[in-house]
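First the structure, in the form of structure tokens, and then the observations on it.
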Amino acid sequence: ESEKAVVETPVIDEPVTVIFSRNGWVRARQGWEVNPSVLSFKEGDGLLALIRCRTVEPVVFLDSLGRAYSVTAADLPPARGDGAPASSLVDVQGGATIMYCLAGKPDTNVLVASTGGYGFLTTLADMVSSRKAGREFMTLEEGAKPVAPQAYEEATGKVIGAVSENGRLLVFDVGEMRQVARGRGVIIMGLEEGEKLVAALVFDGKAL
């Protein structure tokens, strides 16, 4: 008895733009020439991220409890209409909501941090999972949530800027940050009682 044949449809490697909304809806449009001003969204929603990548590259979603999920860009719904909730493409853990989206080459550098003041450097590959249920990625303090992760390119003179909700700013060399595959990381900024970290960014120190 001959073995059953398996038909695989090859994914064509071509440029695509991932469109991710504030309410967690996602879609993809062919090419990189997408004008954000002409994009439409459901009432009460709007653009959160516009990411250039390729159809063969991973798209990662990060939920409010720190778990990461991934799909291939080619598997995203087309840009006709509003797309689909990212939560319909993966199995989101109970009590969590999809908050952020990243996409690109697996070796893309990423800075992640939480409102509790902790964070670390990682890569997009460390956030990718073959399971629809995703992978445990960030260890969060009680009541903390992820702040927006940032993809960045390595270069001399890069610094990290952290901002608290009380308006405090801390800037330090990116080399002082720990590189790990997952976990809690290190303290990015010491916070006062009840204070939260609202953003952490990597940028060129010459911009200061």
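For segment 87-208, the fraction of 1.4 Å probe accessible surface lying on carbon and sulfur atoms is 49 percent.
Rounded, prolate or oblate: pick one for segment 121-208, where a ≥ b ≥ c are the square roots of the eigenvalues of its C-alpha gyration tensor, a/c under 1.5 means rounded, and failing that, prolate if a/b is larger than b/c, else oblate. Oblate is the answer for segment 121-208, as a/c is 1.5 or above yet b/c matches or exceeds a/b.
Can you tell me the length gained on complete extension of the stretch VAL56 to VAL11, counting 0.36 nm per residue apart and subtracting the Cα distance? Let's see the in-between values first.
Details: separation 45, 0.36 × 45 = 16.20 nm, distance 0.66 nm.
Extra length from VAL56 to VAL11 when fully extended: 15.5 nm.
What the phi angles of segment 142-156 give under the Karplus curve with 6.51, -1.76 and 1.60, with θ = phi - 60°, is a coupling list of 4, x, 8, 9, x, 8, 4, x, 10, 7, 8, 9, 5, 6, 5 Hz, glycine and proline written as x.
Solvent exposure of segment 1-98, expressed per residue, is 58 Å² of accessible area, with all protein chains present and a 1.4 angstrom probe. Under the combined filter of DSSP loop state and at most 15 neighbouring Cβ atoms within 10 Å, segment 122-204 retains these trypsin sites (Lys or Arg not before Pro): ARG131, LYS132, ARG168, ARG178.
Students often get this wrong, so check it: of LYS105/LYS132; LYS105/LYS145; LYS105/LYS196; LYS158/LYS196; LYS42/LYS196, which have C-alpha atoms separated by over 27 Å? Before the final figure, lay out each step's value.
Details: LYS105/LYS132 20 Å; LYS105/LYS145 25 Å; LYS105/LYS196 31 Å; LYS158/LYS196 24 Å; LYS42/LYS196 30 Å.
Distance filter (> 27 Å) returns LYS105/LYS196; LYS42/LYS196.
Using the Karplus relation 6.51 cos²θ - 1.76 cosθ + 1.60 with θ = phi - 60°, the per-residue 3J(HN,Hα) values for segment 55-60 come to 4, 8, 8, x, 10, 10 Hz, with x marking Gly and Pro.
Taking a ≥ b ≥ c as the square roots of the Cα gyration tensor eigenvalues, with a/c under 1.5 meaning rounded and otherwise prolate when a/b beats b/c, else oblate, which class fits segment 84-164? Could the numbers behind the result be given before it?
Details: a/c = 2.19, a/b = 1.31, b/c = 1.67.
In terms of gyration-tensor shape, oblate.
The values are calculated or read from the model by the stated rules, or taken from the named source; none is laboratory data. Quick caveat, the model's predicted, so the values are computed rather than measured. Quick reminder, even Gly has a Cβ in these numbers, built from the backbone with ideal geometry, and neighbours come from all protein chains shown. For accessibility, only protein heavy atoms count, side chains too; no ligands or nucleic acids. Shrake-Rupley method; radii C 1.70, N 1.55, O 1.52, S 1.80 Å.
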